[in-house]
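The values are calculated or read from the model by the stated rules, or taken from the named source; none is laboratory data. Here the structure is a predicted model, which means the values were calculated and not measured. Positions of Cβ are backbone-derived with ideal geometry, glycine not excepted, and every protein chain shown enters the neighbour counts.
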Amino acid sequence: MLRVKHACSDRVRPAQAPAQAAAQAPAQAPAQAPAQAPAQAPAQAMHGQCHCGAIRAELSTAKAAAALQARSCQCAFCRRHGAITVSDPDGRVLWTIDPRALVSYAFATRSGRILLCGKCGVYAGVVLDEGGAAWSVLNVRGLAVPEFLGRAGEPVCYDGETAARRRARRKASWTSAEIVYEQR
């Protein structure tokens with residue numbers, strides 16, 4: 001999970017790595033029997049769609065919605081759309097999009113493709129395509145993902161970030177994505 005401060009001039013900082021935390025933990029006596037690895041939490045699917053249903057998203061994650069950071073980007077575009085975005089680098093997102101309704105937009109950095117519905121006007125999310133792979137962030141407010149209804153986003157600001165740094169951050173913190181185009 002990322003940690004953020006609320007001022008726009010602050011940068012996103014990753015949480016302490018598990019290996020660092022373990023190295024700083026006090027030594028423990030050896031266990032009598034080998035400990036079993038905890039079972040992986042089952043994946044859950046969170047669904048959302050634009051108002052007319054032309055853009056749909058399914059976020060598969062082992063984390064509960066409360067464990068995912070909800071971000072409120074402070075750029076003019078996101079503020080104007082009231083966006084609250086979510087991603088899980090360990091999860092997967094499946095976009096199902098009617099290509100006739102899709103309108104894409106990109107900032108000058110060309111570090112992502114903003115997904116907008118041309119029928120109902122909803123800002124659905126952003127996709128970064130590079131080297132045959134894709135990463136994405138979902139606007140859970142625009143997609144009306146039930147698990148996030150009423151949740152406020154933590155303000156984040158990426159002003160001054162270079163395009164290369166932005167791509168690297170997005171690859172590290174966004175969700176692996178697949179897009180399926182299907183006419184409705």
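If you check VAL145, VAL126, which single one turns out to be within 13 Å of CYS73 (Cβ to Cβ) and out of contact with any Asp or Glu (no Cβ under 7 Å at 6 or more places or on another chain)?
On the way: VAL145 fails: within 13 Å of CYS73 (Cβ to Cβ).
Just one listed residue meets the conditions, VAL126.
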Task: Given (1) at pLDDT 95 or above; (2) crowded, with 21+ Cβ neighbours inside 10 Å; (3) within 18 Å of ALA177 (Cβ to Cβ), number of the condition GLY112 does not satisfy - done: (1)
TODO: Can you run down the residue pairs with Cβ atoms below 9 Å, 6 or more apart or on separate chains, where the first is in region 91-111 and basic (Lys, Arg) and the partner is at pLDDT 95 or above and assigned to a strand (DSSP E or B)?
DONE: ARG92/GLU58; ARG92/LEU59; ARG92/SER60; ARG92/THR61; ARG92/THR175; ARG92/SER176; ARG92/ALA177; ARG92/GLU178
Task: Long-range neighbours under 6 Å by Cβ, at least six apart or interchain, first residue closer than 22 Å to HIS81 by Cβ within region 153-166, second basic (Lys, Arg) - done: GLY153/ARG71; GLU154/ARG71; VAL156/ARG71
